[in-house]
Amino acid sequence: MFTLISKKDISKGFTLIELLIVLIVVGVLAGIIMVASNMAINRAKINADISIVKSLNTATVIYKTIKTLYSNLDVFVGFNDDEVRLKELLDSGEISAIPIPNVKGNSFAWNIASQKWVISGDITPPGPSGHVVTASEITMGTGGHAGVIKEPYTGDPSYKNIIIPNNINGTPVIAIYQDVFKNKGLTSVVIENGITHIHARAFMNNNLIEIVLPNSITRIDYGAFLGNNLTKITIGGGVTVIEGAAFANNASFVAAYTLGGAGTYNLIVNNWVKQ
């Protein structure tokens, strides 16, 4: 026997369904807006730190001019840590206050080799020609490989300085898969904070002389940076696995890192030494 449903009952049923759909859509939109808002805030903080670094470098040029320092000498010779260097700029009147980083984990560090202030920690300021890797140049993994950059990078070969973002088209990036950036002629790579795992041979056989690894990195697999010309590595304290041949003179680096932890390491006569 069929049960007849009145128009009034049907109307109520549709109203409840429509209400549920509206609530679901509103929830999804709210989530998207929240993610987008957080990304915008983080990007604003990063840009603010980059602006501070530019101001510090301008102030240092003025400081050097006033002090009439020779160009082949370290501007801050005799000042052995960044806190003291910043205080010297403050005391000399080139800056009005000691700057405080906006991004948690960042600090402003004086790079003696380049004679410039840089951001040390979660993110480094990309160079003027830095190209941000896009979704069209890689393949993002799915399922068990969700958040993993896969397949060989297909960006324009003229891009030698690249920035690997921690989010591509709304998908958080957590790992760089094996061989993705191998043999690409790269001279500079910025890896944004949030990426935790660099797989085997990911950056093998490029032209990198320096790499800054974000604090989020926990694992570096076999041969990840082998075949480069690395003489300087900046690394956080959370790395628990460094597989064989991850870097040139890998045993020396692992030994130095085991003792020294987070910081910057320089390759001196085939041995890695903490700066």
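Using a cut-off of 18 Å between Cα atoms, the listed pairs 54/274; 150/182; 87/116 include 54/274 as exceeding that distance. By the count of other C-beta atoms within 10 Å, a proxy for reagent exposure, 74, 156, 49, 179 are ordered fewest to most as 156, 74, 179, 49. Per residue, the convex hull spanned by the Cα atoms of the range 230-275 amounts to 60 cubic angstrom.
Lys and Arg at +1, Asp and Glu at -1: add these up for the other residues within a Cβ distance under 14 Å of residue 179 and post the number.
+2
By the count of other C-beta atoms within 10 Å, a proxy for reagent exposure, 191, 41 are ordered fewest to most as 41, 191. Normalising by residue count, the range 131-274 has a Cα convex hull of 87 Å³ per residue.
Just so you know, all these numbers are worked out from the coordinates, no wet-lab data involved. Note that the structure is a prediction, hence the values are computed from the model and not measured. Positions of Cβ are generated from backbone atoms using ideal geometry, with glycine treated the same way; all protein chains shown enter the neighbour counts.
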